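The values are calculated or read from the model by the stated rules, or taken from the named source; none is laboratory data. On a predicted model such as this, the values are computed, not experimentally measured, just so you know. No Cβ is skipped: glycine too gets one built from the backbone with ideal geometry, and neighbour counts run over all protein chains shown. For the accessible areas, the whole protein counts, side chains as well, though only heavy atoms, and no ligand, DNA or RNA atoms are used. Shrake-Rupley method; radii C 1.70, N 1.55, O 1.52, S 1.80 Å.
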Amino acid sequence: MKFIADLHIHSRFSRATAKSLNFENLYMAARIKGITVVGTGDFTHPGWIAEISEKLVPAEPGLLKLKDELEAACEKQLPFTDIVPIRFILSCEISSIYKKAGATRKNHNLVFLPGIASATRFNARLDRIGNIKSDGRPILGLDAKNLLEILLETSDAGFLIPAHIWTPWFSMFGSKSGFDTIEECFEDLTPHIFALETGLSSDPPMNWRVGNIDGITLVSNSDAHSPGNLGREANLFDTDLSYPAIKDTLKTGDANRFLGTIEFFPEEGKYHHDGHRKCDVNMPPDKSHQYRDLCPVCGKPMTLGVLHRVAELATREEGGKPEKTHPYYRVIPLAEIISEIVGVGPKSKKVVYHYDKAIEALGPELDILHGMAIEKIKTAPIPFLGEAIRRMRVGQVKVIPGYDGEYGRIKVLNPEEKDRLSGQKSLFQIPKNNGSSPKKMAKAPRQSPEKKAAVLKKQNKKHKAPEKQKDTGKTQTAETNKKSDILAGLNKDQLKAATHDNGPLLITAGPGTGKTRTLTCRIAHLIKNRGVKPENILAVTFTNKAAAEMADRLSKMLGSKNSLPLTTTFHAFCFKLLKEVNHRSRNHAVIDDFDRKELVAEAIRSVKKYIIGLNIKTDAAVNRIVGAKQHLLAPTDDLGPVAGGLDAKDFAAVYEMYQHLLDVQHLYDYEDLIFKTVSFLESDIESRNFYKTRFPYIFVDEYQDLNFGQYKIIRALAPKDGNICVIGDPDQSIYGFRGSDVLYFQKFTDDFPTAEKIRLTQNYRSSETILAASHQVICKHSLNDFSLNNFSG
């Protein structure tokens, strides 16, 4: 029997996974994708193994199926008339962090067992070693060899597959913490390792270069954290539908039964190339060697990618391969292809609608991508889909490899074709009152209300910068604006600021001088009297309350029916930008201070398992991590200036572990939002230029409260002669605990030499006596106390 298997997924009990990850939705996702066998994932977690026992029943030897009544309910929601079996195989992923051969090892392994009874015994053994209750993928201080030993003692039918073996940070061959051979990791138990998971950033030809793994079956799986990601990589079988048959097929690598793998384009992985994100350096290994693996811009070590590590261990030249290999087929997920065709994000309603229509018309996704005739695909009501899939199959794609944590990009359309297709709007309309197919998977929790952005070049076309206003030679006055009441009632200085022509503008505004009114009047004036499009204006401030007040005032000035510019906080803007530019972020969430403290404590506990005598308190570590991120320092940077009395290497280990916990759970903390946005804007020139064009008018409220990262964002987005308007009071800086520095206010005219300076002095709120007293207090705090080199925390 021919079937497709995805053996590596997670449950909703793993951090940052979809809440919709239950067996009903996994069943329907498998049907829609065309997958027959799905790993259960996370069977070590008490809550998930309980759900396995509740909803699944034995089927073929060693496999499980959904209960009949649940299966029937799922089938009613699917657009298919045929019935095909969906089976589950007990699986889980375990993270091991331990010391071996004088080095810290960090690797992930997949474990498989043939039944609930053996899984329960295995869980009991691990529960005595570490915490298996807090996360679906437990982190244990357990040697990978000992993990395999426990597995084999539990059941001789169990087997282990090292997961995503080339990932730099957490894998068997990872450049940061791995081994050079399987034998170094598993020693005398090496004969029990008969399969390896290649991961998203490598494909079989890369692995074929490494002679030490000849004869090992190479598998590929999705590592899905949501039902929609099921099957993005998978395995092709032609064997009996049973646990023993699957195991034996993988063990023997019989080419008549293991028919190969469905693969990502490895360049799309975020660690494919070498590079240094901060310096916009992205290069293949042969070029890295010329620079001794150091960044040619700053001289610091680069993050060495999967391609580099494969080359280090390779025993064959590129293109070489062993006698025994299996086929592989590269694919791009169907939603991503449709997303590129229609020009909006892959999770948008428009893409979901056309995806559902494609499945209804053609059948399961992997059949469309892998085996279906192109002529049949062309019958689907989606222009260019057949041609796009044809190009994908023959590798006729544009590739920008990922590096240093940045995902790569794979495109099948060139800009001219996208422009042509974008003009065919009627072909991509969603019928009213029918936003999606009536038969679909059970709804996942509501997504963020922020819509996904369109592909950058399409957006760039949509958000053209407004044409420069002609200089009439006339001075703008209140008299010339009698046609509008927007500027009515402004005093002389406020009016001058609100009607400033073009170029940088620095407004110094003390307490009660009407700075919010002045700022909103200027924005409204640009829109109503100067013809600037609202979507070309970005206004940022520091609190949700201030952003809401600004939006409310603009709504009253412009009318509630008119569109408004983007008025937001720095953190909200960064979160929106990160979601726009990285649609593969898989529903990242932002944690609060409490969760951050919990994760840092967990990181400390994990690091203590391999750094004996580690002495770092949670609060101290939190403060140091916050300080490091505010000054854009990663765990691999020199952390001495922010260690604050802690051992710099120990602190770096905790910081690195904390970032890993965030990354694997798809979480950001508040500092990440700024840090990652700066990294993106400084490393991706094309996208940075897009956002400059999209927001040619930038307003910043409370400019005196900028910290280093926020300052870098403004500098990245605003040209020296750009239309940037900032307002604030250097005597009122209140966010020092966030790393703010009033010196950025003072540097404004250095950064923007052509800036006009206006001071608002007329106070509408405080008496002169109070103002004078306040001034005396403020003057006692010299601005010399502020420095760009001060580190918070």
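Figures for the structure shown
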quantity: Long-range amide H partners of Val210 with built H, under 5 Å; calculated: Thr315
quantity: Count, lysine Cα pairs under 18 Å in the stretch 35-154, 8 or more residues apart or across chains; calculated: 8
quantity: Relative contact order (%) - criterion: Cα under 8 Å, at least six apart; region: the chain; calculated: 12 percent
quantity: Rel. contact order, % - alpha carbon contacts under 8 angstrom, at least six apart, the stretch 224-358; calculated: 21 percent
quantity: Solvent-accessible area, 1.4 Å probe, carbon plus sulfur percent, for the chain; calculated: 51 percent
quantity: Size of the stretch 636-715 as Cα extents on the principal axes (Å, biggest first); calculated: 44, 31, 20
quantity: Cα-Cα pairs of the stretch 335-401 separated by more than 13 Å (percent); calculated: 62 percent
quantity: Coordinate range along principal axes, alpha carbons of the stretch 43-134, Å, largest first; calculated: 59, 26, 24
quantity: Violating pairs (Cα-Cα greater than 25 angstrom) within the set Lys556/Lys579; Lys176/Lys411; Lys270/Lys747; Lys617/Lys712; Lys33/Lys324; Lys597/Lys676; calculated: Lys556/Lys579; Lys176/Lys411; Lys270/Lys747; Lys617/Lys712; Lys33/Lys324
quantity: Other-chain or far-sequence residues with amide H under 5 Å of His164's (modelled H); calculated: Glu197, Gly199
quantity: Hull volume in cubic angstrom per residue (convex hull over the Cα atoms of the stretch 283-418); calculated: 152 Å³
quantity: FRET efficiency for Glu375 and Gln77, using Cβ-Cβ distance with R0 set to 35 Å, rounded to 0.05; calculated: 0.70
quantity: Mean separation of Cα contacts under 8 Å, 6 or more apart, over the residue count of the stretch 492-581: relative contact order %; calculated: 26 percent
quantity: The stretch 588-685: Rg to Rh, with Rh as the Kirkwood radius over Cα pairs; calculated: 0.96
quantity: Spread of Cα-to-Cα distances over 5 Å intervals beginning at zero, given as percent, for the stretch 250-297; calculated: 5, 18, 18, 13, 10, 9, 8, 9, 8, 3, 0
quantity: Once the Cα gyration tensor of the stretch 132-287 is diagonalised, semi-axes √(5λ) in Å; calculated: 26, 20, 17
quantity: Solvent-free Debye scattering, log10 I(q)/I(0), computed from the Cα coordinates of the stretch 525-601 at q = 0.14, 0.18, 0.24, 0.25 Å⁻¹; calculated: -0.62, -0.86, -1.13, -1.17
quantity: D (Stokes-Einstein, µm²/s), Kirkwood Cα radius, the stretch 259-354, 1.306 mPa s at 10 °C; calculated: 97 µm²/s
quantity: Relative intensity, log₁₀ I(q)/I(0), of the stretch 654-695 from a Debye sum that treats every alpha carbon as a point, q = 0.20, 0.33, 0.34 Å⁻¹; calculated: -0.70, -1.06, -1.08
quantity: Enclosed volume per residue, in Å³, of the convex hull spanned by Cα atoms of the chain; calculated: 178 Å³
quantity: Expected 222 nm ellipticity per residue - DSSP helices of 4 or more, -39500 (n - 2.57), all of the chain, to 500; calculated: -10500 deg cm²/dmol
quantity: Residues whose placed amide H lies under 5 Å from that of Asp274, excluding near-sequence neighbours; calculated: Met283, Gly305
quantity: Extension gain (nm, one decimal) between Thr104 and Val57, 0.36 nm per residue minus Cα-Cα; calculated: 12.8 nm
quantity: Full-extension gain in nm, Asp127 to Thr749, via 0.36 nm per residue minus C-alpha separation; calculated: 217.8 nm
quantity: Thr252/Glu312 FRET efficiency (R0 35 Å; Cβ-Cβ; nearest 0.05); calculated: 0.75
quantity: Two-decimal Rg to Rh for the stretch 205-256 - Kirkwood Rh, Cα set; calculated: 1.03
quantity: Solvent-accessible area per residue, Å², over the chain with all protein chains present [probe radius 1.4 Å]; calculated: 42 Å²
quantity: Efficiency of FRET between Cys298 and Lys720 - r from beta-carbon atoms, R0 30 angstrom, step 0.05; calculated: 0.80
quantity: Karplus 3J(HN,Hα) series, Hz, for the stretch 271-288 with 6.51 cos²θ - 1.76 cosθ + 1.60 (x for Gly, Pro); calculated: 10, 6, 8, 7, x, 9, 4, 4, 9, 6, 10, 9, 8, x, x, 4, 7, 4
quantity: The stretch 6-74: trypsin sites (Lys or Arg not before Pro) in DSSP loop, at most 14 other beta carbons within 10 Å; calculated: Lys19, Lys67
quantity: When the stretch 115-186 is reduced to its Cα atoms, the Kirkwood hydrodynamic radius in Å; calculated: 13.4 Å
quantity: Two-decimal Rg to Rh for the stretch 681-736 - Kirkwood Rh, Cα set; calculated: 1.02
quantity: Calculated from backbone phi, Karplus (6.51, -1.76, 1.60) coupling profile of the stretch 89-99 in Hz, x at Gly/Pro; calculated: 10, 5, 8, 7, 10, 10, 9, 10, 10, 7, 9
quantity: The stretch 79-139: trypsin sites (Lys or Arg not before Pro) in DSSP coil with no more than 16 other Cβ atoms inside 10 Å; calculated: Arg128, Lys133
